[in-house]
Structure formats: structure tokens, C-alpha cells
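Note sheet for the following structure.
The values are calculated or read from the model by the stated rules, or taken from the named source; none is laboratory data. Remember, predicted model here, so these are calculated numbers, not experimental data. In this analysis, Cβ positions are derived from the backbone assuming ideal geometry, glycine residues included, and neighbour counts consider all displayed protein chains. To get the accessible areas, we keep the full protein, side chains included, count just its heavy atoms, and leave off ligands, DNA and RNA. Shrake-Rupley method; radii C 1.70, N 1.55, O 1.52, S 1.80 Å.
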Amino acid sequence: MASDEHRAPDELEKEPSPDPQQEIPDKDLAPQLYASSVERVAADLATDEWWGKLISAGFKVGGANDRGSPAPPTIWVLEGLLYYLKEEEAMALLRRISSNCAPGTLVFADFMNEFSTHLSNELQTQFYFHSDWPEELLPTLGYARVRVSQMGDPDANFGLIHDSPLSLFHRLRQIPRYCKLAPDGSPCRRLFLVQFSVA
């Protein structure tokens, strides 16, 4: 929560702003974000039309807002999206965000490695965009502070994945990322959870 201007007016009277230095003892007591309104924008992210629709709906680019103060950083959640786009579409989307959003803007996305996109036939869908090394790709697109986790890593298991030696995710984490094949000759299909920010 950056400031009181991002909270609904009736909520300002109900509870004081949390002290950012104070440790929150219980996850259920974590600060919540409030918005005075929500604007849904339907658009095709594989084309350039979505950006104009977003601006028309009131999104402020990284410059000054209507009051002359800098536009605040934003948060983008691109989970379950990028690998359905063709490479040029995904790259255009990532460049659009980095070149138009305020520094400090956060992006959360998941990336498939190349072998994971080959699951298209088995899953009866089509995957396109992939990156085996998002931490090398994203800085070339204007991003910094790239943090990559694999499914099953301590910060990416969400209490749903048991770290059993027989677990697929456990076995993948034991194989260095530069290895494309497991010792048994099967392809290493990886899903990366990536957090990065606009430089």
C-alpha cells in the first residue's frame, strides 16, 4: 500500500495505515489493497489494440498523471499467459510494459522452457513462447531484479508439492538447468516462476 490515496475513502476512517516497519505477526492480518473502482478491459493481448484500450480506460503511463505527480509503479500478473503467445507477441508485450510503466513496476510471470512447449500435443493445446533462461532475456528488454524459481523450490511450492524424492519437481531441481535431458534420457520440462521489475 503506497499511500492513503490508493484506499477507498470509507476504509480510511476504519483502520489506521499500517506502520511499514512493524512486522505483521499473522498472514491473515496482512495489509490489503483497496481501489475506489475496478475497470475491466477486454482486449486481445496478441495484438497492439490492448494498450490503446488500457489507456482509454484510464491507465497512466510512466510519466506524470493528471495532477502532475509521477504515475505510480504498477503490478502486472502474467501467469498462464506468455507461452500461449507467439514469440514476437510475447516480446512486444514485455517491451510495451517496460517502456511505458514507471520504474519499480513489478511483473510476475511464468515461463516454460523449450521442452515444456513440446507438451502441446499431449495437452491438446498450443504453446509457443519459451525461455530457458529468463534471467538473461529480461534485462535485454528493460527489466531488473529478476528472480527465477522453479516449481517445487522452497519459495514456489505453495504447500501443494511434497518434496518426495519421487516427485517430478524434486527430481528436476536436482538436475542442473543447463542440462536439457535427465539421466534417463527424458527431456527436462521446466516451469519457471519469475518476478522482475521495470528498471
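Hey, does the range 27-41 have a residue that's part of a helix (DSSP H, G or I), surrounded by 10 or more Cβ atoms within 10 Å (Cβ to Cβ), at pLDDT 80 or above and of a type outside the set (A, V, I, L, M, F, W, C)? Break it down stepwise before answering.
First, pick out the residues of the range 27-41 that are part of a helix (DSSP H, G or I): 27-29.
Filter once more, keeping what is surrounded by 10 or more Cβ atoms within 10 Å (Cβ to Cβ): none.
No, the range 27-41 has no match at all.
Just to be sure before I move on: is Asn100 crowded, with 18+ Cβ neighbours inside 10 Å and out of contact with any helix residue (DSSP H, G or I) (no Cβ under 7 Å at 6 or more places or on another chain) in the structure I sent?
For Asn100, the condition - crowded, with 18+ Cβ neighbours inside 10 Å and out of contact with any helix residue (DSSP H, G or I) (no Cβ under 7 Å at 6 or more places or on another chain) - is met.
For the range 79-96, enumerate the residues that are crowded, with 19+ Cβ neighbours inside 10 Å and among the aliphatic types (A, V, I, L, M).
Leu82, Leu85, Ala90, Leu93, Leu94
Restricting the first residue to the range 178-194 and requiring it to be farther than 16 Å from Met112 by Cα, which pairs with a second residue that is open to solvent by less than 40 Å² (accessible area, probe 1.4 Å) meet a Cβ separation below 9 Å and a spacing of at least six or different chains?
The qualifying pairs are Ala182/Leu172; Ala182/Ile175; Ala182/Cys188; Pro183/Ile175.
Only residues in the range 125-149 that are under 10 Å from Phe192 (Cα atoms) count as the first member; pair them with residues that are exposed (fewer than 14 other Cβ atoms within 10 Å of the Cβ), Cβ under 7 angstrom, at least 6 apart or cross-chain, and list the lot.
Between residues of the range 125-149 that are under 10 Å from Phe192 (Cα atoms) and residues that are exposed (fewer than 14 other Cβ atoms within 10 Å of the Cβ), the close pairs are Ser149/Asp155.
Within the range 105-152, which residues are within 30 Å of Ala71 (Cα to Cα), in contact with a Leu (Cβ under 8 Å, 6 or more places away or on another chain) and open to solvent by 20 Å² or more (accessible area, probe 1.4 Å)?
Answer for the range 105-152, where residues must be within 30 Å of Ala71 (Cα to Cα), in contact with a Leu (Cβ under 8 Å, 6 or more places away or on another chain) and open to solvent by 20 Å² or more (accessible area, probe 1.4 Å): Phe108, Val146, Val148.
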